[in-house]
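Comments concern the structure below.
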Amino acid sequence: MSGLSVRDLRVVFDGFVAVGGVDLDVPAGDVRFIIGPNGAGKTTLIDAVTGLAKATGSVTFEGQELLGRKVHKIARLGVGRTFQTATVFEELTVLQNLDIAAGWARGPLTLLRTRKGVPPEVEKALETVRLTGVRDKPAGTLAHGQKQWLEIGMLLVQNAQLFLLDEPVAGMSHDERDATGELLGQLSKDHTVVVIEHDMDFLRRFARTVTVMHAGKILSEGTVAQVQADPKVQEVYLGHPVEA
Amino acid sequence: MTVVLNQLFTGISIGAVLLLIALGLSLTFGQMGVINMAHGEFIMAGAYTVYVLQQVITGAGWSLLIALPVAFAIAGLMGVLLEFLLIRRLYARPLDTLLVTWGVALILQQVARDVFGAPNVQTRAPEFLTGSVTLFGDLVISSSRLFILALSLVAVAALTVVLKTTSLGRRIRAVVQNRDLAAVSGLATGRVDRLTFFIGSGLAGIAGVALTLIGPIGPTMGTNIIVNAFLVVVVGGIGQLKGTVIVAFVLGILQSMVEYTTTVSVASVIVFVAIVAFLQWRPQGLFTLRTRSLA
């Protein structure tokens, strides 16, 4: 297991450098939080890893090069992500959302078959993200927090090994945050987790390691305590030098 | 009363034709948001399929029944080819798609002229569709119209089942709703696009087969009906199958009712005015759904 490894990653939109040469290593089983001010390139970094943004450099997961592959091929290598605003297929039911994520491995001959029962892994994911009771509701009618959990459930059934979560607890209640944080901890036993998050309280409680990005580059990296003590981080991220 | 019933049925049968020609478009234009001006030429291809098959198969009934799957496959493959070679490269550019597919439509018309000649050709209707059926004592309904009505309803039912209950339908809807999310969920979105286009274009082929029963087959038949097909989809609400169904029948009945009291041309004018008025009131159509690439 070698986790995620990013080398000299660059993403340029029409001359604007969104990510300018990032090196990042997230070992397997880590819970890595990526923080940074708005426009630091955090989401673009995830877009590049998942193939949604064109990038140069190198991104490997479990030794496999990801750059240059199609988006769905990257997903099938075990790279899963969520989007900044809770993004699910709103017009499909919760179960159908999970079916989509679970079903990519199905052959073309099964496409016209209708459903026969719920596969056990989908059942289990429904339990894990606590959506069993609403599985036949359209995903668009879920509460915000439930949608974010559905996103995680989709990654579970999709068999993702690397979870790239873009603000997974934004807008969640305290209880929901705690539950999400604990879920991330459990996941890290056999998954690699990368979280973009602005919530410092959530970060202090659940991050194992932290990477700070600023203006498309890595500013600092380490444990929560190390990063918090880094004067560069305090200056850039908090916008002012911290008084001694 | 008989007159009203008669006009009502005429309207329903006009509606059934509208529905058949618009059904494929409700997938490619309604669901995927692709403006495919060559859709009418796929209908034409379906009609010529019947003509060609009748040169080989003598029984008119058999040739018509065999033509249904063959026309579906031929029109569907033309659609896939068009999607793969051209439309795929123009997904975020609706205006360019319109121009390019219109060019393809002109090319296909010319090909039809070169192969089959410019004049319209005739096909033989099968015997079991040449007569008429009498209902309620004095309501006379032509069998071919009844066949088209049944065909359109079967096509709608089949499409509904595919979209709502199968894994393919789920994928089509998922890609339409959120392309990026579908891709990062591991769906090969390009392949889903091609399959959707195959089905939508194939339905145009089916419509073409049906049209041989009621009208001439010629190189320009596609151009004559494509506008009506787009109208039905737009008025019904982009991406909404039920809207397409309702609007097709409403427009058909309106046309036949007005036609009875005035003339065909006046009826067409009144129907178009009604559509314009309706779209002023509800620009988004009867039902609504978000789609991509048509902001």
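The values are calculated or read from the model by the stated rules, or taken from the named source; none is laboratory data. Keep in mind the model is a prediction, meaning the values are calculated, not measured. Positions of Cβ are backbone-derived with ideal geometry, glycine not excepted, and every protein chain shown enters the neighbour counts.
What to note about this one:
- Flag if B:Gly40 is over 26 Å from B:Thr130 (Cβ atoms), in a helix (DSSP H, G or I) and not polar (S, T, N, Q): yes
- 3 or more residues touching a residue at least 40 places away in the same chain (Cβ under 8 Å), surrounded by fewer than 18 Cβ atoms within 10 Å (Cβ to Cβ) and away from chain B (no Cβ under 14 Å): qualifying strands (runs of 3 or more DSSP E) within the stretch A:27-88: A:56-61
- Scanning the stretch B:184-205 for residues that are assigned to a helix (DSSP H, G or I), under 30 Å from A:Gly153 (Cα atoms) and touching a Ser or Thr at 6+ places or on another chain (Cβ under 9 Å) turns up at least one hit.
- Flag if B:Asp96 is acidic (Asp, Glu) and loosely packed, with under 14 Cβ neighbours inside 10 Å: no
- Residues (free of Cβ contacts under 8 Å to residues at least 24 places away in the same chain and at the interface with chain A (Cβ under 10 Å from one of its Cβ atoms)) located in the stretch B:155-170: B:Val161, B:Lys164, B:Thr165, B:Thr166, B:Ser167, B:Gly169, B:Arg170
- Only listed residue being within 13 Å of chain B (Cβ to nearest Cβ) and charged (D, E, K, R), chosen from A:Asp136, A:Asp166, A:Asp178: A:Asp166
- Condition met for A:Val233 (free of Cβ contacts under 8 Å to residues at least 24 places away in the same chain and farther than 25 Å from A:Val12 by Cβ): yes
- Residue in the stretch B:195-217 that is of a type in the set (Gly, Ala, Ser), away from chain A (no Cβ under 11 Å), out of contact with any Lys or Arg (no Cβ under 9 Å at 6 or more places or on another chain) and surrounded by fewer than 22 Cβ atoms within 10 Å (Cβ to Cβ) present: yes
- Filtered residues of the stretch A:191-208 (kept if within 15 Å of the chain's Cα centre (by Cα) and under 24 Å from A:Leu77 (Cβ atoms)): A:His191, A:Thr192, A:Val193, A:Val194, A:Val195, A:Ile196
- B:Val184 vs. criteria closer than 17 Å to A:Glu90 by Cα and within 11 Å of another protein chain (Cβ to nearest Cβ): yes
- Of the residues making up the stretch A:137-189, those that are more than 18 Å from A:Leu24 (Cβ to Cβ), of a type in the set (D, E, K, R) and within 15 Å of the chain's Cα centre (by Cα) number 3.
- Which numbered condition B:Ala75 misses (of (1) in a helix (DSSP H, G or I); (2) surrounded by fewer than 14 Cβ atoms within 10 Å (Cβ to Cβ); (3) touching a residue at least 24 places away in the same chain (Cβ under 8 Å)): (2)
- For B:Arg113: the one exception among (1) in contact with a helix residue (DSSP H, G or I) (Cβ under 9 Å, 6 or more places away or on another chain); (2) at pLDDT 90 or above; (3) surrounded by 13 or more Cβ atoms within 10 Å (Cβ to Cβ): (1)
- Among the conditions (1) assigned to a helix (DSSP H, G or I); (2) more than 14 Å from chain A (Cβ to nearest Cβ); (3) at pLDDT 90 or above; (4) surrounded by 23 or more Cβ atoms within 10 Å (Cβ to Cβ), B:Phe249 misses just one, which is (4).
- Verdict on B:Thr130 being without any contact (Cβ under 8 Å) to a residue 24 or more places away in the chain, surrounded by fewer than 18 Cβ atoms within 10 Å (Cβ to Cβ) and more than 29 Å from B:Ile226 (Cα to Cα): no
- Test result for B:Met44, touching a strand residue (DSSP E or B) at 6+ places or on another chain (Cβ under 9 Å) and surrounded by 24 or more Cβ atoms within 10 Å (Cβ to Cβ): yes
- A residue that is in contact with a strand residue (DSSP E or B) (Cβ under 9 Å, 6 or more places away or on another chain), within 13 Å of another protein chain (Cβ to nearest Cβ) and surrounded by 23 or more Cβ atoms within 10 Å (Cβ to Cβ) cannot be found anywhere in the stretch A:5-19.
- Checklist (1) farther than 20 Å from B:Gln122 by Cβ; (2) surrounded by fewer than 21 Cβ atoms within 10 Å (Cβ to Cβ); (3) without any contact (Cβ under 8 Å) to a residue 12 or more places away in the chain; (4) not charged (D, E, K, R) applied to B:Val184, failing item: (2)
Every residue, every condition in (1) of a type in the set (Phe, Trp, Tyr); (2) under 17 Å from B:Ala204 (Cα atoms); (3) within 13 Å of the chain's Cα centre (by Cα), yes or no:
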| residue | (1), (2), (3) |
| --- | --- |
| B:Val3 | no, no, no |
| B:Gln7 | no, no, no |
| B:Gly11 | no, no, no |
| B:Leu19 | no, yes, yes |
| B:Thr28 | no, yes, yes |
| B:Val34 | no, yes, no |
| B:Ala38 | no, yes, yes |
| B:Met44 | no, yes, yes |
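- Against the test of being in contact (Cβ under 8 Å) with a residue 12 or more places away in the chain and closer than 29 Å to B:Val121 by Cβ, the options B:Thr263, B:Thr244, B:Thr223 yield a single qualifying residue, B:Thr223.
- Looking only at residues of the stretch A:40-59 that are among the polar types (S, T, N, Q) and over 16 Å from the mean Cα position of the chain (by Cα), we find that the one that is farthest from A:Asp23 (Cα to Cα) is A:Thr56.
- Tally of residues being assigned to a loop (DSSP other than H, G, I, E, B) and not polar (S, T, N, Q) across the stretch B:252-291: 7
- A:Glu151 meets all of the listed conditions (1) facing chain B (nearest Cβ under 10 Å); (2) at pLDDT below 90 but one, namely (2).
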